[in-house]
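Here's the structure, in structure tokens; my notes come after.
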Amino acid sequence: MPTAFRSRTAARQAPVGIEATLRVLLHCQDESSDAVLAVAAASSDPALRIGAVRTILRRHSLAAHANLVRGWNRLAEDALAVLLAEAPRASFASSLQRFLGGSEGQLAEASAKLAAQALVVEALPALITRVLTGRSAKNEPLAVLALSRELRRRLDNPPTRKEGLADPAFARRAALNELALALTQFHQHGQADLIDALLEITPADDPLFLQTLTDPERGGHAALIERLRAATGTGVVALYAALLDNTATPTVALEAIASRADLATLDPLLARFSKRLGMRVSTNVKRLKDFEWLANERRPELLTLSDQAVAGAIRLMGASEVSRRRLVTLLEQVLLSVHDPRVAAGFILGDAARLAAAEVIGALPPHLANTPLALAARDPSPAVVTAAANLIGKKQLPNDNPILVEMLSHPAVEVRRAAQRSMKGITYSWLRDEAAEMDFEEQRRTGSLVAKADPLAQEQLRSELGAPGSKRRLKAIEMAEILGLVDEVVDDLMARLNDPDAAVRAEAARCLGTSAGEPRVQQALAELHRDPAVGVRRAAEQSYAMITGRHERALLPAGRPR
């Protein structure tokens, strides 16, 4: 057999032999098996050492687990990677907890380091106990915080069955019991990392947490408020958001949130409120008179946040008791930035921020709303302009009609519809009743506005052109001209040329003279030379002449009176 062929065959067979041996060792619970596996874990053969580590992790042997913990930081890189990845999924995790609470100091310390690096969150209670009893190494409080943050991550993104990790809710419950004790004993240990760990995983409505915040006599009260003002992390941001959405939250907690000014915390927190605020959030924010991030010297920093975060800041500010003049200054900066970035520290704020600014204009008194409203109405985003139109419909703002008239010609249909809704009083019926009090120019100007503002104008006009009463039909023909909708209802007007009332026929013929003069309209007018009513024939002749540009006397038969 060639040498190369023998080498390849041995390479394929070796792992099979190793796997068979390791399967046997997995079920052997004697000390000699532990010793063999410990040697195998340090082997120079990658397949052997990796297989040995996996076998040790799966064995129910404290001695084997203890050997692995004592030498875990001396493992080869590939074997160490397997240990760190699979330790949380094996019986090994429960052994780590026992070692942490045991009397062997070096084993407990090595277990603490391994639990932190392998993210074994189930070890949290035992690790916290070590810190509280004063038996921990210097960096173990930080390990508690790191594991709490990992637990927070799993709570937010629960592991799948395929991942093989335990339900994080169980680990949270056990850890919270120990962290609650750490809170009440803060005066003894002074470890801020433990309070930060509590803030990472505690529910916002936890009774002990809320009681400690509100009762200055409870142990840990001052420390909890201090850390609530300074702690960082995903869990802290989630806690802030939950506190803002809980009406039982004490004011002292809301004020702690309002005191934050660090961008790393503010950006993800404020971004959670980029959409319209819920009722509970709005109620809570009304209890706040200021935010640290609104200070004048911090305003440029605020505008550097993400678009969603700036939107959230605007909405929270609008719902709070912050000075309306300070609010209008921020709104104008944001809305003007799209036209002149210099007013916003060189930034053009995104659509979400500008939309929030447009919607929050509603929190301003009318005398402060004009400028930001005009800016929102000129915004390039249809959503922002629509928000401005909707706002005009809800508030009696001065000088709003010119803004709405401009919106009626906006290229975006949603803007035009919003403007129409906001001009509820400017309708076909209103103009029909008021037109007699207007001069010619005012009639035409207002008619053009109503035709755009009232989406039902054409429908009502057509209905009136076919009304049973001749007076209503005559008025409708007049309204077609006032509204500038003659061509839009030309078929209805042509139908009136056969009206039983001669006055209606004459008025319809006269009105058609102002139309675009389609050939069928000209033909219909020409055929009126047979109408028995002189007034109808004369109106038809004049309209025909207006359309064709020539005076066709031949329309009327010779000898007939004029």
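The values are calculated or read from the model by the stated rules, or taken from the named source; none is laboratory data. All figures in this text were calculated on a predicted structure; none of them were measured in a lab. When we count neighbours, we look across all protein chains shown, and the Cβ atoms used for this are built from the backbone with ideal geometry, even at glycine. What goes into the accessible areas is simple: the full protein's heavy atoms, side chains included, and nothing from ligands, DNA or RNA. Shrake-Rupley method; radii C 1.70, N 1.55, O 1.52, S 1.80 Å.
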Check your understanding: Nearest 0.05, what FRET efficiency do Asp78 and Leu181 give at R0 = 41 Å with Cβ-Cβ as r?
Key -> 0.55
Exercise for review: Please calculate how many Å² of accessible area the chain carries per residue, with a 1.4 Å probe and no DNA, RNA or ligand atoms counted.
Suggested key: 47
Review point. Which value in deg cm²/dmol, rounded to the nearest 500, describes the helix-derived mean residue ellipticity at 222 nm for the chain, given -39,500 (n - 2.57) per DSSP H run of n ≥ 4 and division by the residue count?
Key: -19500 deg cm²/dmol
Review point. Under a point spin-label approximation (7 Å from Cα along Cα-to-Cβ), what is the Glu434-Gln188 distance to one decimal in nm?
Key: 7.9
Revision key, fill the gap. Between Glu226 and Lys286, Cβ-based FRET efficiency (R0 22 Å, step 0.05) works out to 0.30
Study note, to complete from the structure: For the range 121-259 (alpha-carbon point model, no solvent) the Debye-based log₁₀ I(q)/I(0) at q = 0.12, 0.19 Å⁻¹ works out to -0.44, -1.09
Exercise for review: Just list whichever of Lys138/Lys162; Lys286/Lys452; Lys275/Lys424; Lys162/Lys275 have alpha carbons separated by over 32 Å in the model shown.
Suggested key: Lys138/Lys162; Lys286/Lys452; Lys162/Lys275
Point to revise | Pairwise FRET efficiency - Thr371 versus Arg421, Cβ, R0 = 25 Å, nearest 0.05 | key: 0.60
Check your understanding: Roughly how tilted is helix 440-453, in degrees to the nearest 10 and between 0 and 90, from the longest Cα axis of the chain?
Key -> 30
Practice item. Describe numerically, in nm with one decimal, the distance between label points set 7 Å from Cα along Cα→Cβ at Arg276 and at Ala137. Key: 5.5
Revision key, fill the gap. Cα convex hull volume per residue for the range 428-548, in Å³, equals 97
Revision key, fill the gap. Here the tail fraction of P(r) beyond 44 Å, over all Cα-Cα pairs of the chain, rounds in percent to 52
Practice item. Report, ordered by chain and residue number, the aspartates and glutamates lying within cross-link reach of Lys289, taken as a straight Cα distance under 12 Å and ignoring same-chain residues fewer than 8 apart. Key: Glu255, Glu321
Revision key, fill the gap. Given 160-170, 403-413, the highest-first ranking by average Cβ count within 10 Å works out to 403-413, 160-170
Revision key, fill the gap. Ala412 and Ser32 label points (each 7 Å along its Cα→Cβ direction) are spaced in nm at 8.1
